[in-house]
Amino acid sequence: MNSRRRRIILASLGVTGALVIGWSVLPPRQRMTPSKPLPLGPGQVAFNGWVKISADNQVLVMMPKSEMGQGVHTGLAMLLAEELDADWAQVSIEHSPIDGIYRNIAVATDGLAFHPDQQGMVRDGVRRMTAKTVREIGLMMTGGSSSIKDLWLPMREAGASARAMLVAAAAQRWQVPAAQCRVESGRVLHESGNSASFGELASDAARQTLPAKVKLKEPAAFLLIGKPLRRIEASSKQDGSARFGIDVVLPGMVYASVLMCPTLGGRVASFDGSAAAKLTGVRKVLSFRGPGGSSGGVAVIADTMFHAMRAVREVKVAWDHGPAAGLSSADVMRRLAGALDRKDGFIYFERGDVDAAFASVARTISADYSAPYLAHATMEPINCTVQVRDGAATVWASTQVPDVARGVVARVLGLADERVDMQVQLIGGGFGRRLDVDYVAQAAEIAKAVPGIPVQTIWSREQDIAHDFYRPACVSRFRAGLDPAGRTVAWSNVSAGQSILPNVMSRYRDSGALLPLLAKSQAALAEALHPWLKLPGVGPDKTTSDGAFDQPYEWPHARVAHYKVDLPVPIGFWRSVGHSHQAFFKESFVDECAAATGADPVAYRAALLQRHPRHLAVLRRVAELSLWGQPLAAAPDGAPQARGVALHQSFGSTVAQVAEVSLAADKTIRVHRVFCVVDCGFAVNPNLIAQQMESGIVFGLSAALYGQIDIVNGQVQQSNFHNHPVLRLADCPRIVTDIMPSKEHPEGVGEPGVPPIAPAVANALFALTGQRLRALPLKIA
């Protein structure tokens, strides 16, 4: 679009547009002071919305993020303690209340569909506008590998502000200039020899004025940040005192077991619970709706979980199987494959003149890839405890979205949000599953049947796998054009699958949250304007093409598109989202291009990264670490091994992996060793980063080697770990992780370890067998 047309369109927005633009250039609302004072225990004072200090010198960091094994409580506490100069041994965490200062801004700005290479005024303006909007009406959320990135500055500023207030109080007490005071390990010191602990100063310090601006430490002065500190919750997990959602035990608590319609989205037509009601310990038998498009079912409330699980099997149910009754996985894959022939997919990235480039190439290669639905299969079964009493409710839940969970409980019970108290628990594996709140709404509906009594609803593993919000199935088609010298000059990729974000938005709408409603209207407007404004970052759901359009490879001519297919299968966010399958598609086809040109896979990638030095450094480092190009010894059983490589950027971080793979006599795929190199910006805690790379590789290998959800007549065929296996300890490879040094802003680490492992293994299998595997899970013919 020429600049004149752009000016005309922008001018036509009129006074409203001018007001919006004027509002957008103002700085976002502050993130230091909550809308209501923090609740205080005996001897505690609050310095801002992020830290309290008690008279016994305990520093309590207010934590709006959920801990699900990723170490976020440790990493974030380190940020605040660093700038506070606290004694790390005296630092603990406390879950924050629900408040606007804790809304996740980074996850929203990262969700804009800009290519990482694209910079400029348009991108800066859209990001600024998004940040301001989310600060006003966003969500508290742990997801998108965004926690450290989101709170890198707020946590540090909160610590520095509290530090300044402690110094001011000490200086006032000693009648000395504040500049003469210093802070070391939880004490304020003066050159005269005066010394006071944080606890001794806390009460006076909290009455000081919150500084308008603070100076943060330079990295050279860091004492905690960058160090491999032990996890803050490690001891509680070792001695068993840590409390996950399923560990909640309350006086008089009863238990509920559920049986949901075996068909996705089905509901109860009628039921007879008389036989179950006669069993020992049974309190109540009831039916419930399927919140947010999930399946309806029946529940039994009983004195113990054993009694509830036994009794629910005795309930006789007539099911209304709903519109998904005739659906099968084969139908899904046929519909997705057919969509690849359409020409109206949304173009997420375009460079050069792709059609002209293909018209003049010497050779074209092409391939189709596919990936199935996947369940989350978290180790902690789905559970939630709710007590409804005296026109209010208390909820004990392992959730990644506490404000959405609170909202949906309030809606189910007909209460104001403020009448619902959310007690966020540790999560035994989230992987995106706890971004949905169906189980919270269900638990509230069940607890409503026995007012005054706390009810813990727990799903069996079978119910969990059969009633998940699955990682979408997806297919992808590639074409690459080679010039007479064998260089890849044209790249075309179109994928097809369901769109996650609209599905999640529709479920969030039940919570009464404003952001999804606004976002949906904004998305509709953006999609309408996109053909005219041609602004990247507006249009349909970016997560569908994550990992396909946003990569660093320097194709001279490229086009990446996605076609959205609507299907009656419930879907949701799954660890690394679109990157989880798009990386397999893309990095496998990159290897195909290398093979077609006779190039070494590492050298081929390096040639396409000449203007991306950080990516190139990661690739070269993993090649060096894995001894790429040198002979590889046989596996312990004498079977030959081969290496495969993959490079992928996701959630701001770049990860390269090399997998060493062999085949057993029965063609079982064995992964012996994985080398992993990550550039995630400044490494806040190297231990946590290495743990997350290892965790991501194990999680990704489970999906690459075994993960698959099959649907027949609308019913999921997998039921437990016997037919939905995960990687076992005996099959886990040795993992070698290397973290690239960096002074850049920290980026995500919870998810970026997942995407490269499947293509690395697939590429190793091609080197080993000559078979190119284009479908997940990987199986050698």
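Here are the numbers for this structure:
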{"item": "Residue within the range 176-191 that is assigned to a helix (DSSP H, G or I), within 25 Å of LEU38 (Cβ to Cβ) and not small (Gly, Ala, Ser) present", "result": "no"}
{"item": "Options LEU166, LEU139: the member that is of a type in the set (A, V, I, L, M, F, W, C) and open to solvent by less than 10 Å² (accessible area, probe 1.4 Å)", "result": "LEU166"}
{"item": "Test set (1) open to solvent by 60 Å² or more (accessible area, probe 1.4 Å); (2) over 28 Å from the mean Cα position of the chain (by Cα) - ARG230 fails condition number", "result": "(2)"}
{"item": "Single residue of the range 203-220 satisfying the filter (over 22 Å from GLY41 (Cβ atoms) and assigned to a helix (DSSP H, G or I)) that is most open to solvent (accessible area, probe 1.4 Å)", "result": "ALA220"}
{"item": "Identity of the residue in the range 234-266, in a helix (DSSP H, G or I) and in contact (Cβ under 8 Å) with a residue 40 or more places away in the chain, that ends up farthest from the chain's Cα centre (by Cα)", "result": "ASP247"}
{"item": "Which numbered condition VAL674 misses (of (1) of a type outside the set (Gly, Ala, Ser); (2) open to solvent by less than 10 Å² (accessible area, probe 1.4 Å); (3) touching a Ser or Thr at 6+ places or on another chain (Cβ under 8 Å))", "result": "(3)"}
{"item": "Residues being within 22 Å of ALA594 (Cα to Cα) and touching a Cys at 6+ places or on another chain (Cβ under 8 Å) - total across the range 483-512", "result": "2"}
{"item": "Some residue of the range 363-378 being at pLDDT below 95 and either under 29 Å from ALA473 (Cα atoms) or open to solvent by 40 Å² or more (accessible area, probe 1.4 Å) (or both)", "result": "no"}
{"item": "Looking only at the range 454-488, and only at residues there that are buried (at least 21 other Cβ atoms within 10 Å of the Cβ) and aliphatic (A, V, I, L, M), the one that is farthest from the chain's Cα centre (by Cα)", "result": "ALA480"}
{"item": "Number of positions in the range 193-202 that are part of a helix (DSSP H, G or I) and either open to solvent by less than 60 Å² (accessible area, probe 1.4 Å) or β-branched (Val, Ile, Thr) (or both)", "result": "4"}
{"item": "Selection from the range 713-749 of residues that are within 12 Å of VAL678 (Cβ to Cβ) and small (Gly, Ala, Ser)", "result": "SER742, GLY748"}
{"item": "Pair list, Cβ under 9 Å, 6 or more apart: the range 464-486 residue without any contact (Cβ under 8 Å) to a residue 40 or more places away in the chain, other residue of a type outside the set (D, E, K, R) and in a loop (DSSP other than H, G, I, E, B)", "result": "ALA485/ALA362"}
{"item": "Matching residues, the range 42-70, being part of a loop (DSSP other than H, G, I, E, B) and farther than 18 Å from PRO154 by Cα", "result": "PRO42, GLY43, ALA55, ASP56, ASN57, GLN58, GLU67, MET68, GLY69, GLN70"}
{"item": "Filtered residues of the range 379-419 (kept if surrounded by fewer than 24 Cβ atoms within 10 Å (Cβ to Cβ) and more than 25 Å from ALA449 (Cα to Cα))", "result": "MET379, GLU380"}
{"item": "Exclusive hit being within 13 Å of ARG670 (Cα to Cα), in contact with a helix residue (DSSP H, G or I) (Cβ under 6 Å, 6 or more places away or on another chain), open to solvent by less than 40 Å² (accessible area, probe 1.4 Å) and assigned to a loop (DSSP other than H, G, I, E, B), set LEU773, LEU778", "result": "LEU778"}
{"item": "Which listed residue is of a type in the set (Gly, Ala, Ser) and either touching a residue at least 40 places away in the same chain (Cβ under 8 Å) or open to solvent by less than 30 Å² (accessible area, probe 1.4 Å) (or both), from ALA178, ALA106", "result": "ALA106"}
{"item": "Output for the range 325-345, where each listed residue is modelled with pLDDT of 95 or more and surrounded by 18 or more Cβ atoms within 10 Å (Cβ to Cβ)", "result": "LEU327, SER329, VAL332, LEU336, ALA339"}
{"item": "Residue pairs meeting the criteria (Cβ under 9 Å; at least 6 apart or on separate chains; first in contact (Cβ under 8 Å) with a residue 24 or more places away in the chain and open to solvent by 30 Å² or more (accessible area, probe 1.4 Å), in the range 543-569; second aromatic (Phe, Trp, Tyr) and assigned to a helix (DSSP H, G or I))", "result": "HIS557/PHE358"}
{"item": "Matching option when the condition is closer than 23 Å to LEU60 by Cβ and either more than 20 Å from the chain's Cα centre (by Cα) or surrounded by fewer than 24 Cβ atoms within 10 Å (Cβ to Cβ) (or both), among ALA160, ALA131", "result": "ALA160"}
{"item": "Out of GLY753, GLY714, sole residue that is open to solvent by less than 40 Å² (accessible area, probe 1.4 Å) and under 30 Å from TRP319 (Cβ atoms)", "result": "GLY714"}
{"item": "Scope the range 72-98; condition open to solvent by 10 Å² or more (accessible area, probe 1.4 Å), within 26 Å of ALA196 (Cα to Cα), outside any loop (DSSP other than H, G, I, E, B) and not aliphatic (A, V, I, L, M); matching residues", "result": "TRP88, GLN90, SER92, GLU94"}
{"item": "Selection status of ARG605, of a type outside the set (Gly, Ala, Ser), closer than 22 Å to GLU747 by Cβ and open to solvent by 30 Å² or more (accessible area, probe 1.4 Å)", "result": "no"}
{"item": "Residue match in the range 501-516 (condition: over 30 Å from SER719 (Cα atoms), open to solvent by less than 20 Å² (accessible area, probe 1.4 Å), at pLDDT 95 or above and touching a helix residue (DSSP H, G or I) at 6+ places or on another chain (Cβ under 6 Å))", "result": "no"}
{"item": "Residue that is modelled with the highest pLDDT [pool: residues in the range 21-41 that are open to solvent by 60 Å² or more (accessible area, probe 1.4 Å) and in a helix (DSSP H, G or I)]", "result": "VAL25"}
{"item": "Residue pairs meeting the criteria (Cβ under 9 Å; at least 6 apart or on separate chains; first open to solvent by less than 30 Å² (accessible area, probe 1.4 Å), in the range 268-294; second among the basic types (Lys, Arg) and in a loop (DSSP other than H, G, I, E, B))", "result": "ALA276/ARG313"}
{"item": "Answer from ASP353, ASP320 - the residue that is charged (D, E, K, R) and more than 30 Å from GLN118 (Cβ to Cβ)", "result": "ASP320"}
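The values are calculated or read from the model by the stated rules, or taken from the named source; none is laboratory data. These numbers come from a predicted model, not from an experiment. Because the Cβ atoms are built from the backbone with ideal geometry, glycine has one as well, and the counts that use them run over all protein chains shown. With ligands, DNA and RNA removed, areas are computed over all heavy atoms of the protein, side chains included. Shrake-Rupley method; radii C 1.70, N 1.55, O 1.52, S 1.80 Å.
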